[in-house]
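To start, the structure under review is shown below, and the notes come after it.
The values are calculated or read from the model by the stated rules, or taken from the named source; none is laboratory data. Please read all numbers here as calculations on a predicted model, not as lab measurements. Here the Cβ positions follow ideal geometry from the backbone for every residue, glycine too, while neighbour counts run over all protein chains shown.
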Amino acid sequence: MNSKLSKTWHSKSILAASIAIALVACSDSSTTQDNTAVPASNADAFQPEQTLVTLVDFESPTQQGWLSSNEAKTALKHITDNTYVSVDFLSKFNMPTLVVAPEEPWAFDQFENYNFAFDAENTGDTSIQLYLNVENPKGKAQSRSISLAAGFKGTVYFPLKGVEAETEIGLWGDAPPWQTQDKLMIWRSWRSDNVNLDQVAALKFFTIGNLDDTQVALDNIRLRKNPETRSDWMKGVIDEFGQNAKIQSPLKIDSVEQLKAAANAELKQLDNSKGMPNRSQYGGYTAGPKLNATGYFRTEKVDGKWWMVDPEGHVFFSHGPANVRMANMSTLTGVDFKDDSVRVVHDDELTPEDSMGIVSVSDDVRSTRYVTSDIRHQMFNWLPAYDDELAEHYSYRRSTHKGAIAHGETYSFYRANLERRYGQTSPESYIKKWEDVTIQRMHEWGFTSFGNWVDPAFYQAQQVPYFANGWIIGNYKTLSGYKNHWGLMPDPYDPVFEQRAIATIDAIAKDVENSPWCAGIFIDNEKSWGERSGTVEERYGVILDALSKDSEQSPAKQAFTEHLQQKYTDIDQINAAWLREFESWEDVARSIQFDQYSAALEVDLSRMLEMLGEQYFKVVHGTLAEVMPNHLYMGARMANWGMPDEIIKASLKYSDVLSFNIYEEGMQDHFWKFLEDVDLPVVIGEFHIGTTVDTGMFNPGIVHAADPSDRAQMYKDYMQSVLNKPYMVGAHWFQYIDEPISGRAFDGENANIGFVTVTDIPYPQLIDAVKDVTSTMYQKRLAN
C-alpha cells in the first residue's frame, strides 16, 4: 500500500481501536446481529485493506478548502497527528448538508473493481441516519444512507465498481457482498438509474428531517480494492420460510412446529385481550367531547384542533397500518413462461399490477417454463414443486417497475407461512384466519383504523374503520416529468382520464356499499407532479413536456395554449415575456422547446402547473362527490419529494383532508408550519422506520433505526411530533408486513418495515411502543 496515497484505518486517532472493540463485542453471544456486517468469527475480507486512493483526509489546506456547508455546522478538529471534520446536522433545518467538492473532479475511471469507504464516528447521544450522494459533473448522483448507533466508530462502505456493484439482482437493499465488520450503506436511489460515476465532482453528506441535532465525525474518504467475489455470493440466500438463510435472528423460525407454537401462543394472548378502554365501536374516544353524529366519518375543529369525528360523534384520530393485504407480497422466482397469453393486459382493467392478488397460471402455460434469471433463481434454497400443497402461492407478474426481470413467476412466502401456521380446513381457510387475527391485533394494539390499501375483505367485517382506495389507470394521454418516480403523469384534460376516474370510483363505491365503516377515500398515490424546489426542469417538467407537444395531440397543451391566449392578447406580448420570436399563435400551439427561462415564463409555468392540479382534483373530487357523497376525499397522498406549492394550493379547493407521505424522523415544526396557515385537517398517508439489526433483513426501509429498540423509540418520537400538531388527524404506517427479503416483485423493495415478519411474528419492541402511543394518544392530544 502506498502510504502517500492512503492512511489506513489503524493510523487514524479519531477512531483508534474500533475494530478491536467491534471484535470483542461481537464475540459475546448476546450481541445483536447486524445484517450489514458479519460475525467476528469469520475472516474480515478487508483485513488487510487494499486502498487504491485516498480522496480526502482533511490534512492539507487544499483539501480543507474543498469543504462547504449548507445549513450544517462544520469544524476541522485535530488529535495528535490527525485532522478530521466534525459535522453538526441541526434539527432547525430540514436537510443540512456538508459538501466536499475538489477543484477538479476525481477520475474514478482509472480504477476497476473498487468500493467507496470512509471512517465515521457518531459523537452524539442518539442514532443518526447519514445520507451520502456521490455526484458526477452533470449533477447526477448515486444516493445511499446508513444508520449509525450512538457511539458508533468504524468504517462505512459500499461497492461502486465490479460484479457486486453492477449486477442487477432485483433488490433495492443489497445483501452484504463480503464478510466484514465494516458497515454497508443502503441504496436510496436505484441501481437502474445507471448514474455514471467515472468522474465524481462532489460528495454530499446530509440528514433529512431530524427531530434532534445529530453529530458525526468523518475522515479518510477513500477507494479500496474489492475483495474476491465470494463463491456463494447470492446463492442459497432465502430459506423455505422466505427468511435470511445465512444468519440467525431472534424471531427466525426454523421449523413448522416452531411456527405453529408461536401462532398458538399469540392466539391465546389475543383471546384474552380486552382492547383499549373508552373506545367506541369505530375507535373514537368515548371519554372525550361528544359532537354531532352524522352516521359517517367527518372532520371538525374543536378548541383549535382538527379532529376526525366518528359516525357516533366521538373525536377520532386515525392511526394504523397501511397495505394490509396479500397483494404486492410476492417475489420473483427467476422463472418465466414462453407462452405470451399469461401477459395479456386488457384496456378496461381497473386494478394495477402491484395491487393484484394471486394470479393462477395454467398447466399449459407452465409447460413453457424456463429460467430467465439464474441469479434470482439460485437465491432460493427451496421453492415448491407445482404439485406441492404449497404451490397455490405461486402467482405471476405481467410487468415490473424496476429490477432484473421485466415479468415472470412469483411466489408468496407470507401466504405459504399462513397456511403452515393455521392449516387449510377449506379452500384458503388460513386467509380467513389471518383476517380474524389481524382484526384482533388491531384492537389489542390500540390501532383505530387501517390505512390505505387494505384487503376489501376487511370492508365487510365491520370491525375496524378503513380507507378505500383506487388507481385511475387506462389509455389516457400522459405527461412526462423531469423524473417519473412511479410512472408518467396522466393528462387530466383528456376526456379518457375522466372516463377512467368514473369507472374507478364506481368500482370503489360498489365495494364500500355506502358503509359508515369507510373513513375516507384515497385516489392514486405519490404522483410525479414535480419537485418543490430545484431547477426549472425539476419543478415544471410535466408542463415543459406538455408545451413540447402539439395542441392537436395533447389536451393539456390545448388548455395551456387557450390560457396563454387569454393572458397575452397579442403575440408580441408573449414574445416579450418569454424572450421568444413566435410569428403567430399557431406557433405556440405547435411544439415548443426551451433553452432559457425568463422570470415571466417561470410565472406562467407555475400557473400552468396549478391549472394541471386543479383539473386533476376537479375530476376526482367531482366524481367522488357525485358517486360517494357521504365519504371524505383524503387528497393526493403527496410525497415530500413531489409536493409543489402549486399542487398543494390546487388541492385545497377540492380535498376534505390533505394527505402527505412523510418519510423523515418526524414532522419538524418549522418545515411543516405552512399547514397551520392552510387550516385544513391533514393525515400522513405513509411513514415507517426499520433496521437491519436482529431482523435478518438487508434493507431497513426509507427511515433507518440502529436496532429494534431504537426503532421503537423512533416510532414513539415520530408519533409525538404528529400528535403535537393541531392540524393532524391521522398517521398511517407503511406497511403491516415486512417486504420479501428477496424483493417485492413490483420493484425489488425488500425492507424491514412491517409490524410482523414474513412468518407473521410481531416485532415485540415495536408493538410495545405502539401500545404506549395508542393507549395515551387521545388523552395527550385533548390535554395539550
For LYS183, state whether it is surrounded by fewer than 18 Cβ atoms within 10 Å (Cβ to Cβ), modelled with pLDDT of 95 or more and of a type in the set (Lys, Arg). no
Yes/no for GLY613 being surrounded by fewer than 17 Cβ atoms within 10 Å (Cβ to Cβ) and out of contact with any strand residue (DSSP E or B) (no Cβ under 8 Å at 6 or more places or on another chain): no
Could you please let me know if GLU614 is closer than 22 Å to TYR654 by Cα, among the acidic types (Asp, Glu) and in the same structural domain as ALA546 (by TED's automatic domain parsing)? yes
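Yes or no, residue by residue, for (1) without any contact (Cβ under 8 Å) to a residue 60 or more places away in the chain; (2) surrounded by fewer than 18 Cβ atoms within 10 Å (Cβ to Cβ); (3) part of a strand (DSSP E or B):
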site: LEU211; (1), (2), (3): no, no, no
site: ARG224; (1), (2), (3): no, no, yes
site: PRO227; (1), (2), (3): no, no, no
site: ALA261; (1), (2), (3): yes, yes, no
site: ASN264; (1), (2), (3): yes, yes, no
site: LEU267; (1), (2), (3): no, yes, no
site: LEU270; (1), (2), (3): no, yes, no
site: SER273; (1), (2), (3): no, yes, no
site: ALA287; (1), (2), (3): no, yes, yes
Any chance SER373 is modelled with pLDDT of 95 or more, under 30 Å from the mean Cα position of the chain (by Cα), under 22 Å from VAL454 (Cβ atoms) and crowded, with 17+ Cβ neighbours inside 10 Å: no
Among the residues that make up the range 413-428, is at least one of them over 30 Å from GLN269 (Cα atoms), in contact (Cβ under 8 Å) with a residue 12 or more places away in the chain, of a type in the set (S, T, N, Q) and surrounded by 14 or more Cβ atoms within 10 Å (Cβ to Cβ)? no
VAL134 vs. criteria in contact (Cβ under 8 Å) with a residue 60 or more places away in the chain and surrounded by fewer than 21 Cβ atoms within 10 Å (Cβ to Cβ): no
Pairs only if they're at least six apart or on different chains, beta carbon under 8 angstrom, first in the range 83-103 and not assigned by TED's automatic domain parsing to the domain that holds SER127 and at pLDDT 95 or above, second surrounded by fewer than 17 Cβ atoms within 10 Å (Cβ to Cβ) and not in a strand (DSSP E or B); list them, first residue then second. none
I'd like the full set of residues that are charged (D, E, K, R) and assigned to a helix (DSSP H, G or I), limited to the range 430-472. LYS432, LYS433, GLU435, ASP436, ARG441, GLU444
When the range 189-209 is checked residue by residue, the ones that are among the charged types (D, E, K, R), touching a strand residue (DSSP E or B) at 6+ places or on another chain (Cβ under 8 Å) and either crowded, with 17+ Cβ neighbours inside 10 Å or not in a loop (DSSP other than H, G, I, E, B) (or both) are ASP193, LYS204
Just the residues that are of a type outside the set (Phe, Trp, Tyr), under 19 Å from ASP550 (Cβ atoms) and in a loop (DSSP other than H, G, I, E, B), please, taken from the range 582-608. GLU583, SER584, ARG590, SER591, ILE592, GLN593
If I filter the range 495-517 for residues that are polar (S, T, N, Q), within 20 Å of GLY541 (Cα to Cα) and free of Cβ contacts under 8 Å to residues at least 40 places away in the same chain, do I get at least one hit? no
Listed by range, helices (runs of 4 or more DSSP H) wholly within the range 333-428 having at least 1 residues that are of a type outside the set (A, V, I, L, M) and touching a Pro at 6+ places or on another chain (Cβ under 9 Å) are 413-422
When only residues in the range 638-658 that are assigned to a loop (DSSP other than H, G, I, E, B) and modelled with pLDDT of 95 or more count, which is farthest from GLY209 (Cα to Cα)? TYR654
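Every residue, every condition in (1) surrounded by 19 or more Cβ atoms within 10 Å (Cβ to Cβ); (2) more than 28 Å from VAL758 (Cα to Cα); (3) in contact with a Phe, Trp or Tyr (Cβ under 6 Å, 6 or more places away or on another chain), yes or no:
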| position | (1), (2), (3) |
| --- | --- |
| PRO277 | no, yes, no |
| SER280 | no, yes, no |
| LEU291 | no, yes, no |
| THR294 | no, yes, no |
| LYS301 | no, yes, no |
| PHE316 | yes, yes, no |
| LEU332 | yes, no, no |
| GLU349 | no, yes, no |
| SER355 | no, no, no |
(1) modelled with pLDDT under 95; (2) under 17 Å from TRP517 (Cα atoms): which one isn't true of ALA327, the others all being true? (2)
Failed condition for ASP310, given (1) in contact with a Phe, Trp or Tyr (Cβ under 8 Å, 6 or more places away or on another chain); (2) more than 28 Å from PHE734 (Cα to Cα); (3) of a type in the set (D, E, K, R): (2)
If we keep just the residues of the range 459-481 that are surrounded by 19 or more Cβ atoms within 10 Å (Cβ to Cβ) and of a type in the set (Gly, Ala, Ser), which is farthest from SER551 (Cα to Cα)? ALA468
Check whether at least one residue in the range 752-764 is within 15 Å of the chain's Cα centre (by Cα), among the aliphatic types (A, V, I, L, M) and not in a loop (DSSP other than H, G, I, E, B), and report yes or no. no
Looking at (1) surrounded by fewer than 19 Cβ atoms within 10 Å (Cβ to Cβ); (2) over 24 Å from HIS393 (Cβ atoms); (3) under 24 Å from the mean Cα position of the chain (by Cα), which one does PRO456 not meet, given that it meets all the others? (2)
So ALA149 ticks every box in (1) surrounded by fewer than 22 Cβ atoms within 10 Å (Cβ to Cβ); (2) over 24 Å from GLN713 (Cα atoms) but one. Which box is left unticked? (2)
Go through (1) surrounded by fewer than 23 Cβ atoms within 10 Å (Cβ to Cβ); (2) within 25 Å of GLY487 (Cα to Cα); (3) in contact with a helix residue (DSSP H, G or I) (Cβ under 9 Å, 6 or more places away or on another chain) one by one and return the number of the condition TYR727 breaks. (2)
Subset of the range 137-146 that is crowded, with 19+ Cβ neighbours inside 10 Å and in contact (Cβ under 8 Å) with a residue 60 or more places away in the chain - its residue that is farthest from GLY173 (Cα to Cα): ALA141
Inside the range 519-579, counting only helices (runs of 4 or more DSSP H) that do not spill past its ends, which hold 2 or more residues that are under 26 Å from the mean Cα position of the chain (by Cα) and closer than 17 Å to GLY613 by Cα? 536-547
In the range 189-231, anything of a type in the set (Asp, Glu) and modelled with pLDDT under 95 is listed as ASP193
Among the residues of the range 759-778, write down those that are touching a residue at least 24 places away in the same chain (Cβ under 8 Å), among the polar types (S, T, N, Q) and either surrounded by fewer than 15 Cβ atoms within 10 Å (Cβ to Cβ) or under 9 Å from TRP445 (Cα atoms) (or both). THR774, SER775
